[in-house]
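To keep things clear, I will list the structure first and then write my remarks on it.
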Amino acid sequence: MTVDTPAAPTAPLLQLEDVRMHFPVREGLFLRSTRSCRAVDGVSLQLRAGETLGLVGESGCGKSTLGKCIVRLHQPTAGRILFEGTDLAALGQAALKPWRRHLQMVFQDPVESLNARHTVGEIVAEPFVIHGEGDARERRERVLGLLEKVGLPAAAADRYPFEFSGGQRQRIGIARALALRPRLLVCDEPVSALDVSIQSQVLNLLLELQRELGLSYLFIAHNLAVVKHVSDRIAIMYLGRIVELAPADELYASPRHPYTRALLSAIPRPDPRGTRERIVLQGDVPSPISPPAGCPFHPRCPHATDRCRVEAPALRAAPGRPGHTVSCHLDL
Amino acid sequence: MTPVDAPAANDVILSVRDLVTTFDTDVGRLTAVDGVSFDVRRGRTLGIVGESGCGKSVTALSIMRLLPQPMGRIQGGRILFEGRDLATLPPAELHRIRGGRIGMIFQEPMTALNPVQPIGRQLSEVFLLHRTRDTADAWRRGTEMLRKVGIPAPEIRMHEYPHQLSGGMRQRVVIAMALACEPAVVIADEPTTALDVTIQAQILELMQALQRDLGLAVVLITHDLGVIAETCDDVIVMYAGRVAESGPVEAIFDRPAHPYTRGLLDSIPRLEGTRKARLRVIEGMVPGLRDLPAGCRFQNRCPHRVDRCATAPALEAVGPGHEAACHRWRELPPR
């Protein structure tokens with residue numbers, strides 16, 4: 001997908017360089033911080049204008065934390081977050097404000113992310129108020145335009161969130177995120193709280209908006225079928241690190257990392273005649289407070305060798321596969 | 001209990017007939033389940049699928065007689081199990097069946113377990129209620145059960161509290177409790193929804209292995225069509241409190257007859273589908289229980305609606321063991 005952007009088409013809109021987010025773990029009698037939880041542990045990736053990058057992983061892998069670092073709801077512990085060449089991680093709150101309009105977030109839970117005491121009109125207009133845009137009448141007009149864009153009637157503006165279903169509330173959240181005409185939307189599990197028949201409505205809306213507005217998405221989710229449907233490229237995350245990144249079709253056709261293979265084989269397919277081998281991983285995801293030495297996946301990996309137990313693999317290009325990177329010592 | 005192969009009519013061990021369950025609320029009496037019937041066969045898995053509010057969980061709670069009190073009530077119908085009607089059974093007799101002959105697995109293992117008791121005590125309690133008076137014997141049986149569901153070092157785990165276990169381990173404990181007394185039927189309400197996919201695969205595999213070993217009948221309630229396709233023999237599709245379609249799993253996925261079933265199957269993104277293509281949708285949303293349309297409840301979202309749909313369609317046979325409640329199933333275009 002190509003979009004008209006001021007930057008050259010090859011320059012990334014967003015570039016992460018070795019981003020780390022370590023939370024202190026306070027414990028003991030005096031709640032001293034003795035250890036840290038390495039939620040995001042050295043992530044580097046690029047997102048091009050107009051592109052959707054899917055970010056997949058299981059609970060606790062750090063995918064949501066990474067999303068929050070990008071929109072600077074978290075201040076990352078280390079690393080650079082370059083948005084059109086400017087390092088957002090180095091900016092203070094005041095310097096950051098003009099940038100915030102370009103990066104917005106859509107949250108998973110459309111109940112908790114909307115203020116129940118505000119009308120939908122007030123919720124969607126809040127970004128204008130915060131950024132001092134327009135007068136009351138102009139804001140109202142733009143709110144109605146946004147509601148129409150996400151498929152809600154104008155009358156919705158004067159009603160409260162509880163009057164809407166889950167799918168409609170997610171549309172309200174999307175309208176708010178679009179208010180300041182952002183370049184990048186970080187969508188954190190935007191459809192996982194919705195019923196199947198409503199999910200497809202919201203996914204269609206996100207795809208339409210992308211085509212119409214040239215938006216870039218970081219699409220965070222655990223449902224691989226959903227992620228594949230919307231993404232151009234997909235990154236697989238495990239214990240705070242990217243273990244594999246590839247164009248969407250390529251990743252599904254020839255996954256290289258044993259974790260990606262297990263994930264793909266674990267998805268229940270809606271086909272009762274399916275006869276595929278399921279790779280059932282043993283054990284649980286280790287804690288990011290005390291991640292295993294060497295490759296973070298080695299305790300669950302069916303192919304682990306001695307080298308995997310001591311040496312952490314770096315993300316490297318998969319031989320002969322353009323745009324496909326994987327962090328595994330083994331050439332599977 | 002012995003494993004069984006081919007199902008026969010006499011293999012029906014739980015039969016639900018015309019179940020009607022209502023809730024008394026501030027806005028009056030709402031009918032959450034409206035005339036639902038199905039049979040559960042020994043050694044087979046029956047899946048009940050549907051979206052929020054379709055009545056699938058209320059059906060499960062009705063079978064167990066665990067409806068929230070005093071609002072929830074079974075207004076009609078029979079729940080026949082081992083020669084008795086659970087819908088009218090006195091509470092004292094119910095206690096013997098619940099957790100004994102019928103096991104339960106709920107969605108969120110953390111809420112199904114007592115957070116302030118070690119899991120060993122909770123697991124032994126099941127045996128003390130149904131099998132033995134000897135606490136040491138109950139503890140030993142509990143340890144054995146944990147081993148059977150694949151928990152490493154069960155002797156140590158018995159002394160731990162639920163919060164010390166991971167989500168997948170907790171669900172294994174809940175499964176161990178449900179299977180402790182070798183029930184004839186297990187009712188599992190979204191047993192893997194709160195779990196990650198790799199852990200879900202472990203739990204589904206475990207349930208299937210235990211089912212093979214014990215000849216269990218399973219009622220699996222889920223919204224996930226993938227889980228249904230991979231684990232169930234028979235399927236019931238529910239919509240707004242009624243059965244829209246039921247039949248063998250292959251028939252439901254290969255030859256869905258009801259427009260709602262077709263819509264559901266068409267709207268899920270598939271791994272083999274074209275990326276970024278427009279997904280088919282079911283327009284609109286599920287009607288609330290307060291404003292259900294007269295006649296077919298799917299009519300306001302149905303692309304095939306005609307005047308006839310203002311009268312409620314009955315379930316009719318559309319194939320071997322396959323029924324659908326649609327006036328127009330014969331006229332629908334092939335998929």
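One table, with the values for the structure above:
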item: Separation in nanometres of the label points that stand 7 Å from Cα toward Cβ, at residue B:161 and residue B:277; result: 5.3 nm
item: FRET efficiency, 1/(1 + (r/R0)^6) with R0 30 Å, evaluated for residue B:110 and residue B:182 via beta carbons; result: 0.70
item: Packing-based exposure ordering (other Cβ within 10 Å, fewest first) of A:68, A:149, A:97, A:228; result: A:97, A:149, A:68, A:228
item: Helical mean residue ellipticity (222 nm; -39500 (n - 2.57) per DSSP H run of 4+; nearest 500) of chain B; result: -9000 deg cm²/dmol
item: Radius ratio Rg over Rh of the protein assembly as shown, counting only Cα atoms, Kirkwood formula for Rh; result: 0.97
item: Within 10 Å of each Cβ in A:199-209, the average number of Cβ atoms from other chains; result: 4
item: Per-residue Cβ neighbour rank within 10 angstrom, fewest leading, A:152, A:205; result: A:205, A:152
item: 10 Å Cβ neighbours from other chains, averaged over peptide B:202-208; result: 2
item: Estimated FRET transfer efficiency (residue B:316, residue B:290; beta-carbon r; R0 25 Å; 0.05); result: 0.30
item: Label-point separation in nm, residue B:82 to residue B:212, each point 7 Å along Cα→Cβ; result: 2.7 nm
item: The range B:72-130 pair-distance distribution - Cα-Cα, 10 Å bins, rounded %; result: 18, 41, 31, 10, 0
item: Per residue convex hull volume, Cα atoms of the range A:40-82, in Å³; result: 83 Å³
item: Pair-distance profile P(r), taking every C-alpha pair of the range A:260-331, with 10 angstrom steps and integer %; result: 17, 39, 32, 11, 1
item: 20 °C / 1.002 mPa s Stokes-Einstein diffusion coefficient of chain B, Kirkwood radius on C-alpha pairs, µm²/s; result: 101 µm²/s
item: Per-residue Cβ neighbour rank within 10 angstrom, fewest leading, A:18, B:233, B:224; result: A:18, B:233, B:224
item: Positive minus negative residues near residue B:87 (Lys, Arg vs Asp, Glu; Cβ under 13 Å); result: +2
item: Principal axis dimensions, largest first and in whole angstrom, of the range A:189-332 by Cα; result: 49, 36, 34
item: Principal-axis tilt of helix B:197-214 within chain B, Cα atoms, nearest 10 degrees; result: 70 degrees
item: Relative pair counts by distance (%), Cα atoms of the range B:138-234, 10 Å bins; result: 15, 50, 30, 5
item: Calculated diffusion of the range A:143-190, Stokes-Einstein form, Kirkwood radius summed over Cα pairs, 37 °C and 0.692 mPa s, µm²/s; result: 293 µm²/s
item: Reciprocal mean inverse distance between Cα atoms of chain A - Kirkwood radius, Å; result: 21.2 Å
item: Förster-model FRET efficiency, 35 Å R0, residue B:134 and residue B:73, C-beta, rounded to 0.05; result: 0.35
item: Mean projected area in nm² (Cα convex hull; one quarter of hull surface) for the range A:96-242; result: 9.3 nm²
item: Count of Lys pairs (Cα-Cα under 26 Å; at least 8 positions apart or interchain) in the protein assembly as shown; result: 11
item: Net length gained if the chain between residue B:250 and residue B:96 were fully extended (0.36 nm per residue, minus Cα distance); result: 51.8 nm
item: Nonlocal amide H pairs with residue B:318, under 5 Å, H built at 1.01 Å; result: B:323, B:324
item: Shielding of A:222-228 by partner chains, average beta-carbon count, 10 Å; result: 4
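A short reminder: the numbers here are calculations on the coordinates, not readings from a lab. What you see is a predicted model, and the numbers here were worked out from it, not measured in a lab. Counting neighbours? That spans all protein chains shown, and the Cβs are built from the backbone with ideal geometry, glycine included.
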